[in-house]
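To keep things clear, I will list the structure first and then write my remarks on it.
The values are calculated or read from the model by the stated rules, or taken from the named source; none is laboratory data. Keep in mind that what you see is a predicted model, and the values were worked out from it rather than measured. FYI the Cβ positions are ideal-geometry reconstructions off the backbone, even for glycines, and counts take in every protein chain you see. When the accessible area is computed, the model is the full protein with side chains, heavy atoms only, and any ligands, DNA or RNA have been set aside. Shrake-Rupley method; radii C 1.70, N 1.55, O 1.52, S 1.80 Å.
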Amino acid sequence: MAGATQSTLPWYQREDTWAIIIALGLVLGISAAFFGGVMGLFKSMAVSIPGWSNDVSKVTAGFSKNISGLFILFGFFLMAFSIGARVMGYNVKHFIAGFTVLYIVSVFISILGSNQFIKEWQLETPLLALMVGLLIGNTVTLPRWFQAGLRTEYYVKTGIVLMGATLPFTIIMQAGPFAILQATIVSVITFAVIYFAATRLFGLDERFAACLGAGGSICGVSAAIAIGGACRAKKEYVSVAISMVIVWAVVMIFILPLWAKQLAMDAGPAGAWIGTSEFADAAGFAAAEAMGDERSVKTFTLMKVVGRDMFVGVWALVVAFLSVTAWENKSSATSERIDKGEIWRRFPKFIIGFFITSIFITVLIAMMEPKTASAFSKDALGSIKTLRGWTFTWTFLSIGFTTRFRELTSFGWKPLVAFTIGVLINVPLGYWLSNVVFVDYWLNIK
Amino acid sequence: MGELHKSMVDHLTRIILKPVEEPLRCQQFLMNDMADAQAVRCFGLQLQRRTKRVALMMELLLTKGFVFSFQKGYIFADSPVMEAQEAKEYLLENGFFDQEFQIFLEYGRKWGVM
């Protein structure tokens, strides 16, 4: 969602469009290759790093078998992302140089993250990528050409659309209503707590409170931006809300998986908890992946993407209506008219791609013989899952490299305390709902 | 807050103006088989009044650096500088009413914001 005016750009110049094109293209290509019996190229580019302990030769032996895969993987994504980058008007030369370095770093991070010793320290690849990025990004001034390759949103959206292929639509249909119910309970309560703390306890402006509440309850930075726009909040209010989200999102990436493991939570409910209590998509995927279990990533996606992200447009419409009536002391007859198109304008469009890939793969598998379906799941979906893992590694590295704490908007203690009160309600409430109230549903997600 | 704060977003304030309002109060002349001279005259006056108001708003917004475009029957007045609520207050202070315009504000992440 980069740039000032995504919804005023033509569809082909939007980041969401390119995330869908790249990921959907990959899913269609892999499916066609499977049926054509020419999976070799895709299998080769789906490079996964073997686990190792003291003996690096295990890794080098693994690479020597498929060294071309690393180049094909790089070549494919460089080409796909660069075409999108060109149409979207990025500096393509800089993007190519930046992505190349990002890719090389991601290979080294993935090798390190596969080390048994590092894994025992609970430093899975996502956390490692984030830590390395944060360390370098906050101590070294990165060259501009490298910065051009750090496109967190571009990579995470591509990863989420790929995620759709590995999450059967039947599961979305079964668990979706519970995800929506749990997300609604948490979002409404957290939003209300932050809003009332900000306005009643600290006397902050309603629009400021709405941005803080949205950031802490709906879907992080995207919500702060969407709700800030819907209620015409000042730029500084949105910036402060974003800073809050980033600070807490980074803290939660480390804390939530650690707590979930210490509390011996099952992977399903843990992912649902992260989906309920993390603030941003990219940060949430880092935390869910850090659990080291695919079920966490699935339940996280159900909670975050299906339960929370999808409804930001509805929240925007409600807040927009409140802002021109209650907050301006006007009746609906005399207030400015609010267009219902607000729901669609603020809707995160990449979610459409997520649903399309999910439905496509689900229908495809349903039409296959069981034996073929099993082979498809192993070969085609296995490759998609590995490629999805790489897009998330680039995401986590980009988060680390671009999150510069000294560049966050400075904020006073009032918004910080109001937001923190919301966090203190959201986290235990999310745990209770995920691990007690709806635990059976989250345990059933395989 | 103000200057102390580094902005983490860009923005576009869009004021949406509709030169021909719906429903037209004098549109019966379009609906009836019978032509009605009085209704046509009324429609003309209404249209004149409305377009004059829209033109006045455009002149005011022009002084604040807004640029205009026309799409699908709507006039869009865009500014990446003036904030939305400030623009609204400006129009209200100058004698316009809430229902004479619509405001769409879009924020976008600056580079590097998660």
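Observations, loosely collected:
- With protein chains left intact and a 1.4 Å probe, residues in region A:326-376 average 55 Å² of accessible area per residue.
- For B:Ile103, distant residues with modelled amide H under 5 Å away: B:Ile16
- Calculated FRET value between B:Glu86 and A:Ile255, using beta carbons and R₀ = 30 Å, to 0.05: 0.15
- Semi-axis lengths, largest first, of the ellipsoid equivalent to region A:366-446 are 40, 25, 7 Å, with √(5λ) applied to each eigenvalue of the Cα gyration tensor.
- Only one residue of A:Phe117, A:Leu130, A:Val140 has its Cα farthest out toward the positive end of the dipole of region A:68-215, where Lys and Arg carry +1 and Asp and Glu -1 on Cβ, and that residue is A:Val140.
- On Cα atoms only, tilt of A:235-262 relative to the major axis of chain A in degrees: 50 degrees
- Kirkwood hydrodynamic radius of region A:181-256, Cα pairs, Å: 12.2 Å
- Computed on region A:224-315, with alpha-carbon pairs under 8 angstrom and 6+ residues apart, the relative contact order is 29 percent.
- Reciprocal of mean inverse Cα separation for region A:132-241 (Kirkwood radius, Å): 16.7 Å
- Per residue of A:333-343, other chain Cβ atoms within 10 Å of the residue Cβ number 3 on average.
- Helix A:15-36 vs. chain A, principal-axis angle (Cα, 0 to 90°, nearest 10): 30 degrees
- The magnitude of the dipole of the protein assembly as shown, with charges of +1 and -1 set on the Cβ of Lys/Arg and Asp/Glu and taken from the Cα centre, is near 660 debye.
- Protein accessible area in the protein assembly as shown, 1.4 Å probe - carbon and sulfur %: 65 percent
- Counting only DSSP H runs of at least 4 residues, each contributing -39500 (n - 2.57), and dividing by the residue count of chain A, the helix-based mean residue ellipticity at 222 nm comes to -22000 deg cm²/dmol.
- Alpha-carbon spread of the protein assembly as shown, three principal axes, descending order, Å: 90, 55, 49
- Note on A:Lys298: lysines with a C-alpha under 18 Å away, same-chain residues under 8 apart excluded, are A:Lys157, A:Lys261, A:Lys378, A:Lys385, A:Lys446.
- 0 to 90° range, to nearest 10: angle between helix A:350-366 axis and chain A longest Cα axis: 50 degrees
- Once the 1.4 Å probe is applied to the protein heavy atoms, region A:28-130 comes out at 50 Å² accessible per residue.
- Hydrodynamic radius (Kirkwood) for region A:219-304, which is based on Cα pairs only, to one decimal in Å: 13.1 Å
- Taking the chain by itself as reference, region B:87-109 contains these residues with an accessible-area loss of 40 Å² or more in the full protein complex (1.4 Å probe, heavy atoms): B:Lys88, B:Asp98, B:Gln99, B:Gln102, B:Ile103, B:Phe104, B:Leu105, B:Glu106, B:Tyr107, B:Arg109.
- Placing unit charges on the Cβ atoms only, positive for Lys and Arg and negative for Asp and Glu, gives region A:110-200 a dipole magnitude near 260 debye about its Cα centre.
- The calculated FRET efficiency for A:Trp327 paired with A:Ile72, based on their beta-carbon distance and R0 = 45 Å, is about 0.25.
- Legend: mean number of C-beta atoms from other chains within 10 angstrom of residue C-beta atoms, peptide B:8-20, equals 4.
- Proximal aspartates and glutamates relative to A:Lys304, as straight alpha-carbon distance under 20 Å, when same-chain residues fewer than 8 apart are discounted: A:Glu15, A:Asp16, A:Glu153, A:Asp266, A:Glu278, A:Asp281, A:Glu289, A:Asp293, A:Glu294, A:Asp440
- A 1.4 Å probe, protein heavy atoms only, puts the accessible area of A:Leu302 near 0 Å².
- Those trypsin sites (Lys or Arg not before Pro) in region A:127-170 that DSSP places in a loop and that have at most 14 other beta carbons within 10 Å: none
- Area hidden from solvent between A and B (accessible, protein heavy atoms only, 1.4 Å, total, Å²): 3900 Å²
- For A:Lys43, the aspartates and glutamates whose Cα falls under 12 Å of its own Cα, not counting residues fewer than eight places away in the same chain, are A:Asp379.
- Take the Cβ atoms of A:Ser374 and A:Glu407, set R0 to 41 Å, and the FRET efficiency comes out at 0.25.
- Positive-end residue, chain A charge dipole about Cα centroid, Cβ charges, pick of A:Gly353, A:Val417, A:Gly220: A:Gly353
- In the protein assembly as shown, taking the dipole from charged Cβ atoms about the Cα centre, the farthest positive-side position among A:Ala288, A:Pro10, A:Val245 is held by A:Pro10.
- Average beta carbon contacts from partner chains per residue of A:222-234, 10 Å cutoff: 5
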